[in-house]
1. Of the heavy-atom accessible surface of segment 34-77 (probe 1.4 angstrom), what whole percent is carbon and sulfur?
2. By how many degrees, between 0 and 90 and to the nearest 10, does the Cα long axis of helix 62-71 differ from the longest principal axis of the chain?
3. How much accessible area per residue does the chain have, counting only protein heavy atoms and a probe of 1.4 Å, in square angstrom?
4. Step by step: find N for segment 40-88, compute 2.2 N^0.38 Å, then divide the Cα radius of gyration by it. What's the final number?
5. Equivalent ellipsoid semi-axes for the chain, as square roots of 5 times the alpha carbon gyration tensor eigenvalues: give them largest first, rounded to whole Å.
6. Would you work out the relative contact order for segment 2-88, in percent, from Cα pairs under 8 angstrom that are 6 or more residues apart?
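The values are calculated or read from the model by the stated rules, or taken from the named source; none is laboratory data. As the structure is a prediction and not an experimental result, all values here were calculated from the model. Please note that ligands, DNA and RNA were not included when accessible areas were found on the heavy atoms of the full protein model with its side chains. Shrake-Rupley method; radii C 1.70, N 1.55, O 1.52, S 1.80 Å.
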Amino acid sequence: MSKPYLEITYRQGKPFAAYLYLERRPGDKSVRTQRHDGWIVDYAADGRAIGVEFTNVGDVDVAALNRVLRDAHQPEVSVADLVPLKAA
């Protein structure tokens, strides 16, 4: 997968959580997680972020997320990548 994509889970018609899938390599699995504000980052064995779970769907600080992604060897996401979170 070369471009991040967002999956939103709804419960009783309301957004419950969302997961941002990041670039993954064959065989990548989450070996550790780290909490950041209202989201949780999954990391592969080599330290790359491979996904982000948003537990507070409507409140994502894109600048803070991009700082974490840069530190985890991933490209930044754009506001457009996260627009569905605002709509949810």
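1. Ligands and nucleic acids excluded, carbon and sulfur reach 42 percent.
2. 10 degrees
3. Spelled out: the 1.4 Å probe surface of the chain, per residue, equals 61 Å².
4. Its radius of gyration relative to the 2.2 N^0.38 Å reference: 1.14.
5. 21, 14, 12
6. After rounding, I find 26 percent.
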